1. Once the other residues with Cβ under 9 Å from the Cβ of V164 are scored (Lys, Arg +1; Asp, Glu -1), what is the net sum?
2. With springs only between Cα atoms under 10 Å apart, run a GNM on the chain and tell me which of D51, D84, D196 wobbles the most.
3. Is the chain rounded, prolate or oblate when judged by the Cα gyration tensor, a ≥ b ≥ c being the square roots of its eigenvalues, rounded requiring a/c under 1.5 and prolate requiring a/b larger than b/c?
4. Taking H placed 1.01 Å from N in the peptide plane, check which residues at least 5 places from R167 or on another chain put their amide H under 5 Å from its amide H.
5. Would you mind calculating the gained length between Y153 and D80 on full extension (0.36 nm times residue separation, minus the Cα-Cα distance), in nm to one decimal?
6. Looking at the square roots a ≥ b ≥ c of the eigenvalues of the Cα gyration tensor of the range 115-197, which shape do they give, rounded for a/c under 1.5, prolate if a/b is larger than b/c, or oblate?
7. In whole Å, what three semi-axes, largest first, describe the equivalent ellipsoid of the range 152-218 built from its Cα gyration tensor (square root of 5 times each eigenvalue)?
8. With n ≥ 4 as the cut-off for DSSP H runs, can you work out [θ] at 222 nm for the chain, using -39500 (n - 2.57) per run divided by the number of residues, rounded to the nearest 500?
Amino acid sequence: MRVLLTGGAGFIGSHVSDMLIDNGHEVIVIDNLSSGKEENLNPKAVLYKEDIRDSAVEGIMERERPEAVIHHAAQVSVRDSVEDPLYDMDVNIGGTLNLLENSVKNGIKKFIFASTGGAIYGEQSCFPANETHATKPLSPYGITKLTCEKYLYYYHKTYGLNYVSLRYSNVYGPRQDPYGEAGVVAIFSQKMLAGDQSIINGSGEQTRDYVFVEDVARANALTLEKDVFGEFNIG
Ligand SMILES: NC(=O)c1ccc[n+]([C@@H]2O[C@H](COP(=O)([O-])OP(=O)(O)OC[C@H]3O[C@@H](n4cnc5c(N)ncnc54)[C@H](O)[C@@H]3O)[C@@H](O)[C@H]2O)c1
């Protein structure tokens, strides 16, 4: 299948790209390299260095004729979303809408969206939260991801767009920025290798869910290849 992958030069997107190419798919990447790196990118992937909010997306989709879109490009930091909610909204909602509009125009067969399990549910009433748990996000980042899911449902109901939203927990693995949200895995691993102590601040009773990046890539490949629909936790 020909797949348009946004954010394909980033941490998770680059693993998705590797797995899709290994499975025989053709991958076209849109990434503005704001946090992604060209060296992450599989050499068999075609790269367009563009912004997902830009009108260039229209021309790329018309030229490349993808059958599916896998959308990973985003403002990814909860902390930055609190400091600059307007920018978070612009990239995460504006960029997604630009892709959705062009997906409908180009008859995209499946749209896979990288959502969040960690930031979409808010204060949990039970552990672990399943997909029917109330969604009361406590950050602009969580709000924009939830808003995108609502738009996906709207585009499905109005235009028949087939979509899947994958709600990742904290993803860890190779190519990760060690100071990002799941950075504790990299930081603690380095400390253990050096024989230093790892310190968890607070009560020590906190609960977090971690998932290995290659398992996340496999979830994307399976979603592309199987007949599935709707929201799924990936943890
Ligand atoms: N890392 C996690 O634990 C985690 C958890 C839940 C959801 N997610 C989601 O997964 C996706 C990938 O996250 P990641 O951890 O790989 O982050 P990342 O920063 O490594 O990847 C994001 C990619 O998007 C690109 N990008 C950013 N803004 C862009 C724009 N306006 N136009 C084009 N490209 C742009 C960046 O250059 C980068 O390559 C994001 O949508 C993120 O919200 C990540």
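All of the numbers you see were taken from the coordinates with simple rules; none came from a lab. Model, not experiment: these values are computed from the prediction. Counting neighbours? That spans all protein chains shown, and the Cβs are built from the backbone with ideal geometry, glycine included.
1. Its environment carries a net charge of 0.
2. Ranking D51, D84, D196 by mean-square fluctuation puts D196 first.
3. Details: a/c = 1.71, a/b = 1.36, b/c = 1.26.
It comes out prolate by the Cα gyration axes.
4. Result for R167 returns S115, F232, N233, I234.
5. 23.6 nm
6. Values: a/c = 3.09, a/b = 2.12, b/c = 1.46.
Prolate, because a/c is 1.5 or more and a/b exceeds b/c.
7. Values: eigenvalues 248, 43, 14 Å².
Gyration-tensor ellipsoid for the range 152-218: 35, 15, 8 Å.
8. That comes out to -11000 deg cm²/dmol.
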